[in-house]
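Student: One structure follows; several queries about it will come next.
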Amino acid sequence: DVGVKDLSYRFSFYDERGSLITTIDGHTTLPPNDVYALFEDRIDLRGAVPKRVELTMDPNPVWEKMSNVRKQFSITGTLLKSADFEPRLNASITNQTLDSVENVEAIATIFDAKNHPLTASRTFVPRIDGKGTERLSFTWPEPIAKTLRSCEVPTDVMLAIDLSGSINDDGGTPPEPLATVLKAAQSFAGRLRSQDQVGVATFATESKVVQGLTTDTKKVSDLIGTLRVEPKEERGSTNTGDGIKDGVIELFSERHNPDARKVLVVLTDGIANAPEEDTAEEYALALANESKKYGITIFSIGLGKNVNAEFVRSLASDPGYGYLAVDRSTLDGIYRAISTAICEDGAAVIDIIPKIDVSR
């Protein structure tokens, strides 16, 4: 039942050489038996890159009996919208007491399923009357959909599938490894959730979007089952770069859900050799790297022994997102691993902490 009405603190920012870049001083209330957030923004790092941040607090704070200020308020109606364009978190805050309060600071922190904080925002309410309710609105300057891997956040997925002639090389009726590739992609589409969208682009010498983003996963699954290598492509090329480009364009189309994260899954079984053979891989990698800057998560799958393993891994957003399938038997397991990686188990937790200055 004791807390600190005025706890001073300092954030110190250091570069990789251990040199101090800058400091930020602040103060906060620390109520009894609770966890409070410290939030600082608009920090001038003077062009330096911070390597380490230290938090130090008053070593001799004044402890005294006080009520838990946080319990003075209730938060309801929390709703996160437009996470992939202009993120906004709305909620309502109610003052449970009869006394009005002024200058209420509120900090919203979003945690993953393992209780790790992912991102935060702050807002202020000038006044809340006794028993009154006011709106809270938190914003972020950049999209946060990619940051929030909770399964509560929807996903837009584009599948870019290699339909060059080599995908038929194992023969059979239907030809392999194409038949297994399509079956695994169908299963992947079927595992998506009702709020997710999926589309398909195919690439060989050229690329095209054969299905735009839609929540109708059965329609997409049925379409995938009809895909075939065109006769002219039996001796054609592999234009991985344009496959990536068309998938990315669709992820930014009017069909994209502004609340959803953007994911591209690229499968290829050959060496990229188009549009220009000598620069095809560089072209594809440049497009992939540019896409990552705009919040797209790329998973890549290299099928067979003829792929450039380094190229496949470099396409992916993370080394763990680049998969090599020596033979077709592992494809379904890889697609299942991607399904799991897209969203983690459990819901994201949004914690909104109201704070008032009780030191005055």
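The values are calculated or read from the model by the stated rules, or taken from the named source; none is laboratory data. Only a predicted model underlies this, so the values are computations on that prediction, with no experimental measurement involved. Cβ sites come from the backbone with ideal geometry, for glycine too, and all protein chains shown count toward neighbours. These accessible areas exclude ligands, DNA and RNA; they are computed on the full protein's heavy atoms, side chains included. Shrake-Rupley method; radii C 1.70, N 1.55, O 1.52, S 1.80 Å.
Student: Which distance in Å, rounded to a whole number, links the C-alpha centroids of segment 139-213 and segment 306-360?
Tutor: 15 Å
Student: Okay, next question. Would you kindly work out the equivalent ellipsoid of segment 155-285 from its C-alpha gyration tensor and give its semi-axes, the square roots of five times the eigenvalues, largest first in whole Å?
Tutor: Sorted largest first and rounded, they come to 24, 19, 10 Å.
Student: Counting other Cβ atoms within 10 Å, keep those with at most 15, restrict to DSSP loop, and tell me which GluC sites (Glu not before Pro) in segment 24-77 are left.
Tutor: Passing both the DSSP loop test and the Cβ count: 40.
Student: Is it possible to state the helix-based mean residue ellipticity at 222 nm for the chain, with each DSSP H run of 4+ residues giving -39500 (n - 2.57), the sum divided by total residues, to the nearest 500 deg cm²/dmol? What is it?
Tutor: It comes out at -6000 deg cm²/dmol, rounded to the nearest 500.
Student: Any idea which of 260, 244, 270 is furthest toward the positive side of the dipole for segment 197-295, if Lys and Arg beta-carbons carry +1 and Asp and Glu beta-carbons -1?
Tutor: 260
Student: Show me 208-214, 267-273, 179-185, 157-163 ranked by packing, highest mean number of other Cβ atoms within 10 Å first.
Tutor: 157-163, 267-273, 179-185, 208-214
Student: In square nanometres, what is one fourth of the surface area of the convex hull spanned by the alpha carbons of segment 256-360?
Tutor: Projected area, direction-averaged: 10.7 nm².
Student: Return the FRET efficiency for the residue pair residue 129, residue 14: r is the Cβ-Cβ distance, R0 is 45 Å, and the value is rounded to the nearest 0.05.
Tutor: The pair residue 129/residue 14 has a calculated efficiency of 0.50.
Student: Placing unit charges on C-beta atoms (Lys and Arg positive, Asp and Glu negative, everything else neutral), compute the dipole magnitude of segment 1-104 about its Cα centre in debye, rounded to 20.
Tutor: 180 debye
Student: Defining a contact as two alpha carbons under 8 Å apart and six or more residues distant in sequence, what relative contact order in percent does segment 120-240 show?
Tutor: For segment 120-240, the relative contact order is 26 percent.
Student: Here is a further query. Placing +1 on the Cβ of each Lys and Arg and -1 on the Cβ of each Asp and Glu in the chain, which of 200, 210, 2 has its Cα farthest towards the positive end of the resulting dipole?
Tutor: Towards the positive end, the residue furthest out is 2.
Student: Compute and list, largest first, the equivalent-ellipsoid semi-axes of the chain from the alpha carbon gyration tensor, each √(5λ) rounded to a whole angstrom.
Tutor: 51, 23, 16
Student: Could you report segment 264-309's accessible area per residue, 1.4 Å probe, as an integer in Å²?
Tutor: 45 Å²
Student: Over all directions, what mean area does the Cα convex hull of segment 70-176 project, stated in square nanometres?
Tutor: In nm², the orientation-averaged hull projection of segment 70-176 is 10.6.
Student: Roughly how many debye, to the nearest 20, is the charge dipole of the chain about its Cα centre, given +1 on each Lys and Arg Cβ, -1 on each Asp and Glu Cβ, and no other charges?
Tutor: It comes to approximately 960 debye.
Student: Starting from 0.36 nm per residue, how many nanometres of slack lie between residue 310 and residue 56 once their C-alpha separation is accounted for?
Tutor: Length gained between residue 310 and residue 56: 87.0 nm.
Student: Packing-wise, with mean Cβ within 10 Å as the measure, how do 103-111, 86-94, 275-283 rank, highest first?
Tutor: 103-111, 86-94, 275-283
Student: Ordering 74, 100 by how much accessible area each has at a 1.4 Å probe, largest first, what is the list?
Tutor: 100, 74
Student: While we're looking at this one, here's another question. Straight distance only, please: which lysines reach the Cα of residue 65 with their own Cα at less than 29 Å, same-chain residues fewer than 8 apart left out?
Tutor: Those lysines meeting the cut-off are 5, 131, 355.
Student: In segment 1-78, which trypsin sites (Lys or Arg not before Pro) fall in coil by DSSP and have 10 or fewer other Cβ atoms within 10 Å?
Tutor: 17, 42, 46
Student: What percent does the relative contact order of the chain come to when contacts are Cα pairs within less than 8 Å and at least six residues apart?
Tutor: The normalised contact order for the chain reaches 18 percent.
Student: Further question on the same structure: List, in the order given, every pair from 81/218; 114/262; 146/292; 219/245; 262/292; 208/232 whose Cα-Cα distance in the structure shown is over 19 Å.
Tutor: Long pairs (Cα-Cα over 19 Å): 81/218; 114/262; 219/245.
Student: Hey, any idea what the orientation-averaged projected area of the convex hull of segment 1-134's Cα atoms comes to, in nm²?
Tutor: Result: 10.8 nm².
Student: At R0 = 56 Å, how high is the FRET efficiency between residue 294 and residue 2 if r is their beta carbon distance? Nearest 0.05 is fine.
Tutor: It comes to 0.70.
Student: Further, regarding this structure: Indicate the gyration tensor shape class of segment 247-295 (rounded, prolate or oblate), computed on the Cα atoms with a ≥ b ≥ c the square roots of the eigenvalues: a/c under 1.5 is rounded; otherwise a/b larger than b/c is prolate and the rest oblate.
Tutor: Verdict is prolate for segment 247-295.
Student: Carbon and sulfur: what percent of segment 130-256's accessible surface (1.4 Å probe)?
Tutor: 48 percent
Student: How much length is gained if the chain between residue 92 and residue 68 is pulled fully straight, taking 0.36 nm per residue apart and subtracting their Cα-Cα distance, in nm to one decimal?
Tutor: 6.7 nm
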